[in-house]
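Engineer: Okay, here's the structure, questions in a sec.
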Amino acid sequence: MPHPTAPFRVTRLIPIVCALALTFFVAYATPLAQQAPMAGAKKALTIDDYTKWKNITGQEMSSDGKWVAYVIFFNDAATTETKPVLHIQNVDSGQDVTIADATVNTFSSDAKWIAYSVEPAGGGRGGRGGRGAAAPAADAPAATPATP
């Protein structure tokens with residue numbers, strides 16, 4: 001016949017063994033979690049990543065709501081490498097027309113034209129600037145030199 005206190009000792013040991021097992025598991029798993037990034041984990045940003053960021057400026061929508069325009073350029077590049085690009089996009093069709101080195105855009109009040117400034121090639125941002133241009137907003141925008 002078993003001793004009457006034997007089941008009592010075993011039932012007291014089970015929580016202690018579970019607590020020890022959990023402690024060892026946490027102590028072993030924590031350094032592993034810190035060493036190897038998990039799938040989908042966020043990566044720390046570096047200075048090189050910052051230079052790849054782009055800025056969006058000059059965002060505007062035509063008065064009829066059919067066109068949007070915005071300029072994209074690299075955030076932290078040398079002024080000769082920023083290369084701003086004007087995007088003129090038709091909201092209905094998704095058609096996107098790009099114009100290199102173009103900035104300072106504005107739609108006409110009747111939404112039929114867009115005016116923008118084009119800087120000379122290789123001039124970079126902050127230079128003397130180029131002549132303005134206007135384009136019809138009804139079809140795919142085609143550049144037409146503005147009068148000086």
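The values are calculated or read from the model by the stated rules, or taken from the named source; none is laboratory data. Please read all numbers here as calculations on a predicted model, not as lab measurements. Note: ideal-geometry Cβ built from the backbone for every residue, glycine included; neighbour counts use all protein chains shown. What goes into the accessible areas is simple: the full protein's heavy atoms, side chains included, and nothing from ligands, DNA or RNA. Shrake-Rupley method; radii C 1.70, N 1.55, O 1.52, S 1.80 Å.
Engineer: Which one of the conditions (1) open to solvent by less than 40 Å² (accessible area, probe 1.4 Å); (2) modelled with pLDDT of 70 or more does A134 fail to meet, given that it meets all the rest?
Structural biologist: Status for A134: all satisfied but (2).
Engineer: Okay, next question. Pairs needed: first member in region 89-103, aliphatic (A, V, I, L, M); second member anywhere, open to solvent by 40 Å² or more (accessible area, probe 1.4 Å); C-beta distance under 6 Å; at least 6 residues apart or different chains.
Structural biologist: Pairs that qualify, where the first residue is aliphatic (A, V, I, L, M) and the partner is open to solvent by 40 Å² or more (accessible area, probe 1.4 Å), are V91/K66; V97/A140; A100/V85; A102/V118.
Engineer: Can I ask one more? Search region 92-109 for residues being open to solvent by less than 70 Å² (accessible area, probe 1.4 Å) and β-branched (V, I, T), and hand back the single one that is nearest to D64 (Cα to Cα).
Structural biologist: T106
Engineer: Report every pair of residues separated by at least 6 positions or lying on different chains whose Cβ atoms are under 9 Å apart, first residue within region 53-65 and without any contact (Cβ under 8 Å) to a residue 24 or more places away in the chain and among the charged types (D, E, K, R), second assigned to a strand (DSSP E or B) and surrounded by 13 or more Cβ atoms within 10 Å (Cβ to Cβ).
Structural biologist: Cβ pairs passing all conditions: K54/I72; K54/F73; K54/F74.
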